[in-house]
1. Given the conditions (1) closer than 30 Å to residue 626 by Cβ; (2) surrounded by 16 or more Cβ atoms within 10 Å (Cβ to Cβ), which single one is not true for residue 646?
2. Scan segment 534-553 for residues that are at pLDDT 80 or above, within 20 Å of residue 656 (Cα to Cα) and out of contact with any helix residue (DSSP H, G or I) (no Cβ under 6 Å at 6 or more places or on another chain) and report the count.
3. Taking residue 216 as the residue in question, decide whether it is at pLDDT 85 or above and not assigned by TED's automatic domain parsing to the domain that holds residue 21.
4. Report every pair of residues separated by at least 6 positions or lying on different chains whose Cβ atoms are under 6 Å apart, first residue within segment 351-366 and in contact (Cβ under 8 Å) with a residue 60 or more places away in the chain, second surrounded by 15 or more Cβ atoms within 10 Å (Cβ to Cβ) and in a helix (DSSP H, G or I).
5. Please give the number of the condition residue 398 fails out of (1) at pLDDT below 90; (2) surrounded by fewer than 16 Cβ atoms within 10 Å (Cβ to Cβ).
6. Picking from 69, 78, which residue would you name as being touching a helix residue (DSSP H, G or I) at 6+ places or on another chain (Cβ under 9 Å), modelled with pLDDT under 80 and either surrounded by 15 or more Cβ atoms within 10 Å (Cβ to Cβ) or under 24 Å from residue 38 (Cα atoms) (or both)?
7. In contact with a helix residue (DSSP H, G or I) (Cβ under 6 Å, 6 or more places away or on another chain) and at positive phi: is that true of residue 244 in this structure?
8. Given the residues 428, 462, 432, 471, which is the only one that is crowded, with 20+ Cβ neighbours inside 10 Å, within 30 Å of residue 366 (Cα to Cα) and in contact with a strand residue (DSSP E or B) (Cβ under 8 Å, 6 or more places away or on another chain)?
């Protein structure tokens with residue numbers, strides 16, 4: 001019972017870390033297919049080793065068994081006994097899918113499930129029965145015992161430091177630290193070793209560089225070049241006292257066994273011998289004198305950064321952040337109320353409210369930054385999907401991603417993955433031609449899909465572009481006519497953008513063959529519905545024979561927005577400011593009828609006029625009978641004007657959900673509480689645009 005309680009206590013931590021490790025494993029396997037170098041292989045081995053230990057500790061034996069088999073395979077690969085090919089990598093991806101399935105069951109039910117995946121384990125074990133000797137790229141190890149061998153590159157400054165050390169009768173050591181193969185937190189162990197060395201020496205250089213050691217981009221050993229006044233035996237004993245250190249090799253570089261090549265800034269060893277510890281000559285070592293200044297500043301570049309990351313990083317439940325955001329929303333509402341209570345006389349009152357507004361704005365921005373998540377968490381799963389689709393469709397596809405560091409609110413991040421999946425599948429299935437077709441058109445065999453994200457003002461733009469055949473406008477028209485969506489005459493008079501927008505209608509598909517990838521008439525309508533539910537819009541640019549680009553525009557956050565407050569029928573309504581193009585005053589006689597619909601002329605364009613009092617079924621209380629105030633909206637390239645009774649002004653509002661009883665209310669997307677305590681409804685611009 002107690003044991004179960006103890007493991008449940010760490011279940012959330014296990015899920016988070018296992019999710020991160022599986023994402024890293026997915027990226028590493030994709031890299032392995034194109035770049036089977038030792039660093040990638042070692043990375044996969046470490047991930048499998050970590051997952052094995054974590055799952056075994058938590059009692060998830062199936063995950064532990066599968067990762068143990070993967071670890072065995074990559075141990076053989078590291079020993080040059082197994083050669084990985086496309087079929088073997090497919091099995092490794094199947095192993096990843098199985099691990100993700102186990103983790104999904106753990107998240108949903110608290111246990112792994114009943115599936116054993118014996119066929120995958122048998123396939124992994126069969127690798128070892130087909131061992132082949134082969135050579136993969138390995139890093140050149142630094143030799144110390146070969147005559148006249150170059151051991152490291154130094155800059156002129158570092159060479160000068162070593163020469164100065166010789167003059168001051170200080171010792172120069174090249175130390176190689178070998179960690180235990182079971183060491184999991186190598187970066188933390190290296191930090192402790194650096195702490196020890198900093199007490200008694202000045203570190204001149206590390207191999208690999210400090211940044212790589214910090215990010216654990218090394219195997220189980222690393223080297224340091226130091227200046228010290230203490231004997232090798234003392235340093236050896238100090239370093240061996242650190243846990244999970246397997247061995248320490250110390251080579252003293254003297255004037256006799258070393259050449260400093262200042263012209264080429266290289267340090268050359270002339271058969272330098274390792275300094276083996278002789279007996280226990282250790283004496284208490286006090287903190288070293290600051291004899292030599294100007295090493296690599298290891299404390300600044302490594303230790304303090306690691307310490308800051310470990311101490312100042314905390315995991316916070318997203319629900320707690322939601323509570324904080326709601327409280328900030330209440331502060332904004334009360335701030336608005338205080339502004340309305342101002343009588344225009346008390347200067348101190350006004351200054352206090354302005355100061356309060358600055359504090360609330362800073363607090364709001366701080367909380368929003370905490371809620372922001374890099375879109376990389378969504379993008380990371382797409383390379384694998386594109387790989388699988390390209391193999392299934394016998395197409396050669398290259399996915400290029402950029403802007404992964406762009407941040408979005410967590411609530412949007414959780415929802416945006418599905419629309420991007422649909423767009424990528426659409427580009428690969430419909431857009432990119434077969435290799436033979438591409439060659440016949442003078443294109444490269446390999447098709448390219450670009451996925452990028454970037455911030456633009458208060459919005460984040462996500463683009464999915466391909467260099468395929470583009471959208472055939474005539475084919476879309478024909479399909480729309482066949483399905484009864486438009487008549488022949490209507491289709492003939494439609495612009496290119498209007499025809500492309502037909503693709504977002506439910507049931508619209510131009511696929512010749514129905515498959516499990518696309519062609520069932522679902523996809524783009526789902527994309528549009530989901531994006532608009534997030535307060536965004538989607539646009540399409542396409543050129544026949546060149547390619548297609550889908551452009552998604554999303555708000556940075558869904559919690560608070562800038563809005564224009566208007567009066568309609570004596571009630572106050574909010575229109576999101578991001579959708580508003582301009583506000584115009586028009587005379588009644590300027591309104592015309594086109595196909596029995598009211599329109600106005602704006603910059604030589606015909607813009608439909610929608611009277612909100614009719615849409616919302618409320619009386620017209622316009623302040624000027626002959627003059628109409630119209631708010632011009634631009635939604636996804638479509639212009640229309642909303643006739644309102646009067647304007648109130650711009651205000652930052654907090655979006656409140658209407659609840660399940662009012663969830664299906666037409667034309668309304670939510671509500672907000674104003675400064676006087678009354679409720680203003682937020683107009684659903686997407687629904688109005690579609691009506």
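1. (2)
2. Here the count works out to 1.
3. Criteria not met by residue 216.
4. 364/328
5. So the condition that residue 398 fails would be (1).
6. The match here is 78.
7. Spelling it out, residue 244 is indeed in contact with a helix residue (DSSP H, G or I) (Cβ under 6 Å, 6 or more places away or on another chain) and at positive phi.
8. It is 462.
The values are calculated or read from the model by the stated rules, or taken from the named source; none is laboratory data. On a predicted model such as this, the values are computed, not experimentally measured, just so you know. A quick note on method: Cβ atoms are made from the backbone with ideal geometry, for glycine too, and the neighbour counts reach across all protein chains shown.
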